[in-house]
Amino acid sequence: METTPVIIRPETKADYEVIRKVNKKAFKGKSESKLVDAVREGDGFIPELSLVAVKDGAVVGHILFSPIIIKGETETPALALAPMSVFPEFQNQGIGTALVKHGLEECRRLGHKLVVLVGHEEFYPRFGFVPAGAKGLTLPFEAPPEVFMVLELAPGALNGVAGEVVYPRAFHDID
Ligand SMILES: CC(C)(COP(=O)(O)OP(=O)(O)OC[C@H]1O[C@@H](n2cnc3c(N)ncnc32)[C@H](O)[C@@H]1OP(=O)(O)O)[C@@H](O)C(=O)NCCC(=O)NCCS
């Protein structure tokens, strides 16, 4: 089958509706699309880190990184990867991988040093994510340990860092 390249670029206002749609379709519910809208309206939103995957001129996937704090004895700024979505008919074609790889490069380019996530334990380790609990990080909610992961974008970024992930308000309001 002939394939066309996937382009990853920052969202524009014209993408808001299709971003809602891809999140609803991929997650089979409205929570994640509401989360994206709430993060976009909240403090600290980073427009360069809300990225869409475009294939043949159409948005087929989305990924969002939001600023968080790791609060222990000190406060460390970091990013949370959430949510990420690809339309079901476009899944398993490498689009999610392209979104994560390009997204992490953008995070690094913008000077961010740590990314945490709660997600599929078979998918994210291929990008270098490791269990975050073993690194001294905790979540403000219950989750199986294997789904809570962290990635150092700069070597040694986790040195001396421990504590609980503090999500922005938008994350508390999702149902
Ligand atoms: C997860 C998701 C974004 C991946 O996008 P994608 O374009 O299908 O990803 P790729 O084609 O690059 O990679 C596919 C890999 O992801 C894995 N994957 C997809 N969904 C998965 C799931 N629910 N659990 C575990 N692994 C999953 C596939 O098994 C495949 O692994 P393989 O390469 O070892 O065969 C997409 O499947 C999706 O939108 N899922 C529904 C929403 C979701 O779960 N989002 C992520 C929350 S952490």
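The values are calculated or read from the model by the stated rules, or taken from the named source; none is laboratory data. This structure is a prediction, so every number in the text was calculated from the model and none was measured. We place every Cβ from the backbone using ideal geometry, glycine too, and count neighbours over all the protein chains shown. With ligands, DNA and RNA removed, areas are computed over all heavy atoms of the protein, side chains included. Shrake-Rupley method; radii C 1.70, N 1.55, O 1.52, S 1.80 Å.
The accessible area of residue 9, taken with all protein chains in place and a 1.4 Å probe, comes to roughly 80 Å². The candidates 174, 63, 7, arranged from most to least accessible area with a 1.4 Å probe in the full protein assembly, appear as 7, 174, 63.
Extending 7 Å from the Cα toward the beta-carbon at both residue 174 and residue 73 defines two label points whose distance is 3.3 nm.
Orientation-averaged projection of segment 39-103 equals 5.4 nm² [convex hull of Cα atoms, one quarter of hull surface area]. For segment 1-146, lysine pairs with C-alpha atoms less than 20 angstrom apart, excluding pairs fewer than eight positions apart on the same chain, total 18. Computed over the chain with a Gaussian network model linking Cα atoms closer than 10 Å, the most mobile of 46, 70, 95 is 46. Measuring with a 1.4 angstrom probe and ignoring ligands and nucleic acids, residue 110 comes out at about 60 Å² accessible.
Ellipticity at 222 nm from helices only: DSSP H runs of n ≥ 4 in the chain, each -39500 (n - 2.57), divided by the residue count, give -7000 deg cm²/dmol.
Taking a point 7 Å from the Cα of residue 91 along the Cα-to-Cβ direction, the residues of segment 121-155 with backbone N closer than 16 Å to it are 121-124. Highest GNM mean-square fluctuation, the chain, Cα pairs closer than 10 Å: which of 98, 53, 143? Highest fluctuation of the listed residues: 143. Across the chain, Cα pairs under 8 Å and at least six residues apart give a relative contact order of 23 percent.
Would you mind finding the longest exposed-site-free stretch of the chain, with exposed GluC sites (Glu not before Pro) meaning DSSP loop and at most 16 other Cβ atoms within 10 Å? Present the calculation step by step, with values, prior to reporting the outcome.
Numbers: sites that count: 2, 73, 121, 122, 142.
After excluding every exposed loop site, the longest remaining stretch is 3-72.
For the chain, what % of the accessible area comes from carbon and sulfur atoms, probe 1.4 Å? Show your work: numbers first, answer last.
On the way: 5040 of 9500 Å².
So the carbon and sulfur contribution to the accessible surface is 53 percent.
Accessible-area rank, largest first, for 69, 19: 69, 19, with all protein chains present and a 1.4 angstrom probe. In this structure residue 172 has an accessible area near 120 Å², from a 1.4 Å probe over the protein heavy atoms. Taking the dipole about the Cα centre of segment 1-111, with the C-beta of Lys and Arg at +1 and of Asp and Glu at -1, give me whichever of 50, 63, 33 is farthest to the positive side. Comparing the listed Cα positions along the dipole, 33 ranks first. Placing unit charges on the Cβ atoms only, positive for Lys and Arg and negative for Asp and Glu, gives the chain a dipole magnitude near 260 debye about its Cα centre.
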